[in-house]
Every structure is written in C-alpha cells, then in structure tokens.
Amino acid sequence: RLCIVEGRGLYKRAPTHCPILDKEKAGVECVLGTDRLDCLRRISKGTVDFGVFSPEDLIAAQHINFCTTSLLAKNKCDWLSEAGAVYGIAPPWLSEAGAVYGIAPPLQCVMRSSTQECMAAVEAGDCDATAADSDWLVAGLRDYSLTPVLHEVTPIVEKTSTIVAYVNADAKISKMADLRGKRAAFPRYDGAAWHSVQRYITEHEKISCKDYVEGYFKEICAPGLDGKKCYDAGEMEALNSLVEGKSDVAFISMATFNAFKDKKGASSEEVKKIVPLCPEGNQKYCFVSWSNLGHIFVAKNVTDIRKHEIINVFTKLDQLFGKHPPFHNAMFSMYGPFNHETEVIFHSNTKSLATSAVLKTHPYDKISYNLELFVSNMTDFTCGFGAKITPSLSMLFVTLVVFLIYS
C-alpha cells in the first residue's frame, strides 16, 4: 500500500493519483493521503506500507511553517523554535516517527514582506500559520479563508484590544445616537474599529447597512478608504484628528488614549477636553467592542489533525516561554522584549494563548460586544465592501453605487 500526498501548496507537489501503478499488475494499492503528515501517520500506524516523499516534503513535514513579516520577527521565531527543540517540543507525530525521521525544531520560520503576503501564503498552503492582530479578523476570513485557532488573552479587560468612541467634552454629544451627521476618524479602513462601529450602529440604530453606507456620518477619515489619506494610518493619528478639531469622534483603543494621557500629562488641557462616549448598553466598560490582543491564523480547510498539532505546539511553547511560573524563563519570553523591541510577533500584555473556548469562560462570557464572536458568524460582507464609498463624493454618485451594490 503506497501513500501519495494530494497536490496542494509549495511542499505538496505529488500527483493526486498513481499514474504508473496498477493494483492488479503491480500488486500495489495506491492510497491518497490528505497531506504529507497524514501519510507519515499511516506508515507509523501500519495502515499503509510506504510513501514517496521529496526532500522538500521530508524537511517541511518536520515543522510548522510559521510566517513572519519582518527580519526581527523571524529572528525571534527562530529563537523560539530552537528553544522549543531543546525542551523536545514537536508535532505529536514526530514522537511516533522520530526514530525514522529525526526530531527537529517545532517551527520553520518564514518571512514575507507584509501581513497580506503571510495570509496569502497560509491560504495557498505554503505556510501553516501566521500571527496578526484584530484588525485582520475580517480580512483574514473574507479575503484569505483563514480562521484564528489561538488567541492572545489577558484577564484584565482594560488591556484587551478595545474600541472606544472618544469625543470633545465641549461638544453636544451625550449618547451614541448623537454621532449621526458628525465627522468620524478611524485608525484605518477595514480594521477592527471600522467593523465594530459599523456593526454597533446598524444594530442599535435599527438602520440597514444601505442607510449606514449612504451617509450616517457627515465625513469619514479612514486611511485606505478609496485611496483617501487625510492622515497616516494609526490610532494616535486618528486621536490627533479629534484633538486638532478635524473630527468630532475618534474610534480608538483605551490603550492609545492612556498612552496619549501619559505623554501629555493627565492635567493638561488637551487631555481634559477628550472624554469617552459610552454605549447605553455598556456603561461599565464603555467600549463599542473588545477582542483578544492577537491571533494565530490557519487555513479554514486545514485538517482537524493538523489544526490540533498547531494548537498543541504553540500551547506547549506558551507553557514554557510564556507567563506561567515556575516555567517562566527571564532569559527568553514569548511576550517580552526581543532585541530591545517590544510587541514582536506577540503582545507584551498577553497572559497566555487560548482557543476560542475561552470566550465561554469567566470573565469573558460576561463581557458583551466581543469582536471575534461577531466575525466568526459573519456570512455577508456586502456592507463592508459598500462602505468603501468616499463620503466626500456627490450624493448622486453615492446613491448610484449603493443602488448597484444592493440591486
């Protein structure tokens, strides 16, 4: 019985059938494996007798190919992989076939030039996983068919990734409904803030996506929206737009505002005139949405076995090099600085890695407006695409485009 790997991705180039082997004449049965790891497991368990692998297959099969977006991130990934190898961390199948194939570092670190390229590599099967923050939750699902399997969690609500509406204290804005017809500043188009606000307004204002798109706000600045660039993408830039009077509301995180407050001084006039606008249904925490700090993404169509292996490896790395006394090693930390830089791959406020099941546990199950749950249930992205219309265009053009989108 010969196991053949189904052709998909950079390291899966084998044919999907046995073109030269005939079971009756050659006495060889061709078995199609879902991936190279499946074939290796079948050999180990005796359900197939042998397989044909290229050198690339044998190398790649020993690792989880993890995509990073900078040389610094790749270097940290390499360190993490080598440190994991010292402690014997590897995909479970290696413990079964280690005598034959050898034990290797758990991660094969790959570098691409951007998060988009990493997500495309995971979608294509050239990489197994990549990490990104909540700004990529919608794009990952919509554009690359990726899903987060692990989240960077913290039990401190204020340290999660939050989206809060900040306004000028002197403005006559006392409730979320007062934002209609105002000028809005977003850190970027298509990110966590963009989709959180869109969701909140359409649900709580009881308006259609079409009505929201046609002009709920008088003016919008969201870098990346139809090429419009009123400021560089970033949360501090959106906040500065509010401080300078160019916008009436800025949708940013608590962390960004606290950093602004620390820089300016809590008693400064600039800080005093900026206040949060709390949603009526969330006066306690005051945010429009919250999400975990970061996420490890894999392809939606990855096999359950491979998904479990990825979760298992990263969970073990987290247990050894995360914040779990007495295992925490001050010499190397997944969430600590690397080469004097913070927030490299993972976030410094991360407590641990956890699957989406954590959202059903205390305290997360008591906190409303979670972005991950909302995104996981998204099936219609029409509103997101329609919102690309630049608000400064004439109403006639806006109406025409919206009509075409929804016709």
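Protection proxy ranking for 243-252, 160-169, using the average of other Cβ atoms within 10 Å per residue and placing the highest first: 160-169, 243-252. Close amide H partners of VAL164, meaning residues 5 or more places away or on another chain with modelled amide H under 5 Å apart, are ILE252, SER253, MET254, VAL288.
Give me the net charge for the shell around LYS264: Cβ to Cβ below 12 angstrom, other residues only, Lys and Arg +1, Asp and Glu -1. Neighbour charge sum, excluding LYS264 itself: +1. Decide, for the range 162-225, between rounded, prolate and oblate: order the square roots of the alpha carbon gyration tensor eigenvalues as a ≥ b ≥ c, take rounded if a/c falls under 1.5, and otherwise choose prolate if a/b is larger than b/c, else oblate. Taking the square roots of the gyration eigenvalues as a ≥ b ≥ c, the range 162-225 is rounded. Summing charges over all other residues whose Cβ lies under 13 Å from the Cβ of PRO155, with Lys and Arg as +1 and Asp and Glu as -1, gives +1. Here, the range 247-353 has an Rg and a Dmax of 18.9, 56 Å when only alpha carbons are counted. Other residues with beta-carbon under 11 Å from the beta-carbon of ASP211 carry, at +1 per Lys or Arg and -1 per Asp or Glu, a net charge of +1.
Give the distance, in whole Å, between the Cα centre of the range 241-305 and the Cα centre of the range 109-181. Between the Cα centres of the range 241-305 and the range 109-181 lies a distance of 12 Å.
Measuring against 21 Å, Cα to Cα, the residue pairs LYS246/LYS273; LYS206/LYS300; LYS182/LYS228; LYS182/LYS210; LYS316/LYS351; LYS206/LYS272 contain LYS206/LYS300; LYS206/LYS272 as the ones spanning a longer distance.
All of the numbers you see were taken from the coordinates with simple rules; none came from a lab. Worth saying up front: this structure is predicted, and the values here are computed from it rather than measured. In this analysis, Cβ positions are derived from the backbone assuming ideal geometry, glycine residues included, and neighbour counts consider all displayed protein chains.
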